[in-house]
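Following: one structure in structure tokens, then a few remarks.
The values are calculated or read from the model by the stated rules, or taken from the named source; none is laboratory data. Only a predicted model underlies this, so the values are computations on that prediction, with no experimental measurement involved. Positions of Cβ are generated from backbone atoms using ideal geometry, with glycine treated the same way; all protein chains shown enter the neighbour counts.
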Amino acid sequence: MDGLMATVTDLIRQWHAKEIQGTPLMRGLVNHDHWDLRLVEEATGEKTLRISTTKDGKRCLLLFSDGESYSTFAKANNVTVEQHFLTVPGAVLFAGPMEDIDQIWVDPLTSHDIFYDCEVFPRLREMANAVVVEGALAALRGGDAPEGTCRRVREYKNYYLASVVRDGGPSFLMAPDNKGRTLAAAFTADDTFDAFLPEAREMAGGADVQQLQIDGDALFDTFQRMKIDGFVFNCSGPVVPVAFAQAAAGFVLAG
């Protein structure tokens, strides 16, 4: 089943069954666009996030992926009063501040629930930022990008390139292309780089393939200087690849 099309319930069950690893699960959680968070109404009438406290004193944020998951939780806790919710997309939720939270509990008290401790929050944030920049790249390619998209793409810090050492120096691996074009390959996240790795190792002919992290300013400046026809992001999935002519590098740097 395609991880991007699977429900949260499907993904967590696949993870529990060891059918997928943690990174595809995180991408699926980030791509889920309707997370329900409980709210509590203060005496002033203001509504704030309801944070639970576990038996060992951890501050825990409960997330519900759909109405059925909340119904299961409410039934288990004999909740009968009307609840207030804030609904947010995963890319916004997991990129947001979580300094006052020790733990996230996804679909609590269901058969597929899962916990994330605060040590994992940075990885969730990185995935959320990757999903956001992937959307920005697709918007640039589609020609319908809102103002500020070039800046968002340029300021992203976690692009990756695949490199091998040849003739005593590093050489970037190109994306496969059936039209004979020279297209530089770039990646927005660890899982998109990992998807390319089998092809990269074949291209490298046994040489060690290095994953090089690079920020947007340096990446697009490099693309502008290379002898290439263009560049493509995430050429091997698991997201839809996005390709540009080389001139787009200068457009992003100037935008």
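Summary table
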{"read-out": "Residues of region 157-191 that turn out to be touching a residue at least 60 places away in the same chain (Cβ under 8 Å) and among the hydroxyl-bearing types (Ser, Thr, Tyr), as a count", "value": "1"}
{"read-out": "Scan of region 82-138 for residues that are on the phi > 0 side of the Ramachandran plot and surrounded by fewer than 19 Cβ atoms within 10 Å (Cβ to Cβ), ordered by number", "value": "LEU109"}
{"read-out": "Per-region count, region 174-203, residues part of a loop (DSSP other than H, G, I, E, B) and among the hydroxyl-bearing types (Ser, Thr, Tyr)", "value": "2"}
{"read-out": "Candidates ASP177, ASP194, ASP190 - the one that is over 21 Å from the mean Cα position of the chain (by Cα), more than 16 Å from PHE220 (Cα to Cα) and in the same structural domain as ALA247 (by TED's automatic domain parsing)", "value": "ASP177"}
{"read-out": "Filter result for LEU62 (surrounded by 13 or more Cβ atoms within 10 Å (Cβ to Cβ), touching a residue at least 60 places away in the same chain (Cβ under 8 Å) and of a type outside the set (D, E, K, R))", "value": "no"}
{"read-out": "Qualifying residue in region 26-49 (condition: surrounded by fewer than 17 Cβ atoms within 10 Å (Cβ to Cβ), basic (Lys, Arg) and touching an Asp or Glu at 6+ places or on another chain (Cβ under 9 Å))", "value": "yes"}
{"read-out": "All positions within region 204-220 that are surrounded by 16 or more Cβ atoms within 10 Å (Cβ to Cβ) and assigned to a helix (DSSP H, G or I)", "value": "ALA204, GLY216, LEU219, PHE220"}
{"read-out": "Condition met for ALA218 (among the aliphatic types (A, V, I, L, M), at pLDDT 95 or above and assigned by TED's automatic domain parsing to the domain that holds VAL153)", "value": "yes"}
{"read-out": "Residue list for region 177-193, restricted to those being within 22 Å of GLY206 (Cα to Cα), surrounded by 15 or more Cβ atoms within 10 Å (Cβ to Cβ) and not acidic (Asp, Glu)", "value": "LEU183, ALA184, ALA185, ALA186, PHE187, THR192, PHE193"}
{"read-out": "Filter result for ALA136 (without any contact (Cβ under 8 Å) to a residue 60 or more places away in the chain, farther than 23 Å from ALA200 by Cβ, in a helix (DSSP H, G or I) and under 20 Å from the mean Cα position of the chain (by Cα))", "value": "yes"}
{"read-out": "Selection count where residues are part of a strand (DSSP E or B) and more than 15 Å from ASP107 (Cα to Cα), scope region 42-85", "value": "6"}
{"read-out": "Residues (touching a helix residue (DSSP H, G or I) at 6+ places or on another chain (Cβ under 8 Å), outside any helix (DSSP H, G or I) and at pLDDT 95 or above) located in region 239-255", "value": "VAL239, VAL240, VAL242, ALA243, PHE244, GLN246"}
{"read-out": "Condition broken by SER171, with the remaining ones in (1) outside any helix (DSSP H, G or I); (2) crowded, with 20+ Cβ neighbours inside 10 Å satisfied", "value": "(2)"}
{"read-out": "Count - residues of region 10-41 that are outside any helix (DSSP H, G or I) and small (Gly, Ala, Ser)", "value": "1"}
{"read-out": "Tabulated pairs, region 30-43, first under 19 Å from VAL120 (Cα atoms), second polar (S, T, N, Q), C-beta under 8 angstrom, 6+ apart or interchain", "value": "HIS32/SER65; TRP35/SER65; TRP35/THR87"}
